[in-house]
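Throughout, read-outs are computed from the coordinates displayed, never taken from laboratory work. Bear in mind that the values here come from a model prediction, so they are computed numbers and not experimental data. FYI the Cβ positions are ideal-geometry reconstructions off the backbone, even for glycines, and counts take in every protein chain you see.
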Amino acid sequence: MEVFLQQLINGLFIGSVYGLFAVGYTLVFGVLDILNLAHPAVFTLGGLVALWLVEGAHLSIWAAFPLAVLFAGLLGILLDRIAFAPLRHRADSYFSGLISSIAMAIIFESAALGIFGARTVRFPAGTVSMHIWRFSGVTVTSLQVEIVLVAVLLMVALTSFLHRTRIGKAIRAVAESERTARLLGIHVDAVIAWTFFISSALGGAAGILFGLYFDSLSPDMGRSIELKGLAVIVLGGMGSIPGAILGGVAFGLSEVMTVAITGTSNLRDAVAFTVLFLILLVRPSGLLGRGRIREA
Amino acid sequence: MDFFTHFLAVYGSLINFIGINALLALSLYVTLSAGQLSLGNAAFAGIGAYSAGVLTMHYNAPFVVSIITGALLAGIVALAIGLPVLRLRGVFLAIATLGFGEVVRIAAVNLDITGGAQGLVGIPNKTTTWMIFLALAAASYFIARMRTSRIGWSFESIREDETAAAVTGINTTYYKTLSFTIGAIIAGLTGALYAHLNYIITPGEFGFSAAVNLLIYNIVGGTQYWVGPLLGATLLTSLPEVLRGIGVTAGPIRMCVNGVILLLVILYLPNGLVSLFGRASARKTKVRADSPSGEV
């Protein structure tokens, strides 16, 4: 029972990082109907830049985190300007957008490789202070609590941003119908740029948390989360933000549970991708389907 | 003749890989020509490669039997998953086939008969260069002929507008499944040839990045005409050698060049490099058509 509880908690922690990553994925999909495969590369660069700020510029992680997140957000705007904006008028923009995002993913990853090298790196010891708490056999570290707090905070901020602010409402309007939004006088290009900024900033934040949690960062770390992120957003319903959070947690739990039950990590991903495959066959709209999406 | 033997000795393996990649690119081309974005063709190649390799190594099957079984098995799996999966459109189909590809890869990692994560080692080397290029020529001929057949027209009309195609009486499910299965058979055949070329096959070779590479070959070459994928595969497979020739040895730069080429093509040449030749000849015919009036 204690082992089970411990796994449940671990699953929640890693699931909140998956959720944060997937929210960025799904936000762009909800607004533009484009799968942004450069998102994992932004995730990687976010983590690596935060590491550089801590190690090279000797900033505290609490200063490095917002700066790296800002950087990731700016990468998102760059991404939109270079890879997506020129294709927007094309009839097959979902397809050409997918391809150009792959191109940008390759370019970003090669930049990460060229600047930071191919080796696996980690945040220096003591970057975050470590307290370990034990409750009746279950261990929780302060890092885990901080990760969940940051993830929850960002998601709450995102939700209230989308519902309370003018830009947030404009983003939801564009997601509903780009044409109508344009007719109503919304500056659609600016709204899309904002969407990319937010999406990529969240991706970068997820990268930093991921690097802290697993204590390792490398230029290809995006690949390990890329497909998981897809599974998460399909599970939750493409374009649905609550769905992505729910899907992230469910995915994190399924991972640790599979490991706990089978005793090996080999089948960890198999369960997730089988579920992904089956969901697409049985209920392509995911857990919280398209009707909910547009409400974001 | 001396020059030729020398050339083969130095670039023999590169030439083989060009042939293999061109075949794989063609396999995806068939599916793309019916408008279906599949990212499962690398997995079909994996099914072909593993089944042929296992047959040859564990059951002492003759080479021809292994190859044909590999191709057919890939085709049968495609038929089985094609019927349910092809109901999905666009990005959803891509994600579903991606999920399928991951399941295949994870299966190869976990099964004993496939040699696990180390891969299948010690497959007898039976594939020769002429076999690869014979298969390539046959596949190209078949696909070129298919284009002007009933099947080819059906594929094209589904690609242009699936609903309209269905309305004109085309059995879209049948033709979509056909395009998926033909693609898988070609991929399985190629995988089987590759297994007997390379001595060793590992699950990672047939994963997500391989699937994306096939897509890149097609996009860079062009998806309107069967020469496109051949051109794309040849160009991008030999690019590292060319770059090495001009003194670029750094990995990140080579990777970056790939990304930049893909980005430029999707932004400025949506129909691929082949359209450059198309444009040139179109201009020529136009000039010829105009010339009588020009001479006056």
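Key figures
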| read-out | value |
| --- | --- |
| Label-point gap, in nm, between A:ARG81 and A:ILE9 - each point 7 angstrom along Cα→Cβ | 4.6 nm |
| Cα-based shape type of the stretch B:1-108, given that a ≥ b ≥ c are square roots of the gyration tensor eigenvalues and the cut on a/c is 1.5 | oblate |
| Overall dimensions of the stretch A:159-278 as given by Cα atoms, namely Rg and Dmax in Å | 17.6, 57 |
| Cα centroid of the stretch A:266-282 to Cα centroid of the stretch B:218-260, whole Å | 33 Å |
| In degrees, nearest ten, helix A:221-236 long axis to first principal axis of chain A (Cα) | 70 degrees |
| Per-residue [θ]222 nm for chain A (sum of -39500 (n - 2.57) over DSSP H runs n ≥ 4, rounded to 500) | -24500 deg cm²/dmol |
| Translational diffusion of the stretch A:36-145, µm² s⁻¹ [Kirkwood Rh, Cα pairs; Stokes-Einstein; 20 °C; 1.002 mPa s] | 133 µm²/s |
| In the stretch A:100-189, the trypsin sites (Lys or Arg not before Pro) that fall in loop regions by DSSP, at most 10 other Cβ within 10 Å | A:ARG119 |
| Rounded if a/c under 1.5, otherwise prolate or oblate - the stretch A:2-222, Cα gyration tensor axes | prolate |
| Crossing angle, helix A:166-176 versus chain A [Cα axis fit, 0-90 degrees, rounded to tens] | 70 degrees |
| Rg to Rh, two decimals, where the stretch A:89-185 supplies the alpha carbon set and Rh follows Kirkwood | 1.15 |
| Chain B: most fluctuating residue of B:GLN36, B:GLN118, B:GLN224 per GNM, C-alpha cutoff 10 Å | B:GLN118 |
| A:THR264-A:LEU59 pseudo-label distance in nm [points 7 Å out on the Cα-to-Cβ vector] | 4.4 nm |
| Contact order normalised by residue count of chain B, Cα under 8 Å, 6+ apart, percent | 31 percent |
| Packing-based exposure ordering (other Cβ within 10 Å, fewest first) of B:THR128, B:THR237 | B:THR128, B:THR237 |
| Label-point gap, in nm, between B:ALA144 and B:ASN60 - each point 7 angstrom along Cα→Cβ | 4.3 nm |
| Computed [θ] at 222 nm, deg cm²/dmol, chain B (DSSP H ≥ 4; -39,500 (n - 2.57); rounded to nearest 500) | -26500 deg cm²/dmol |
| Compactness relative to 2.2 N^0.38 Å, alpha carbon Rg of chain B | 1.06 |
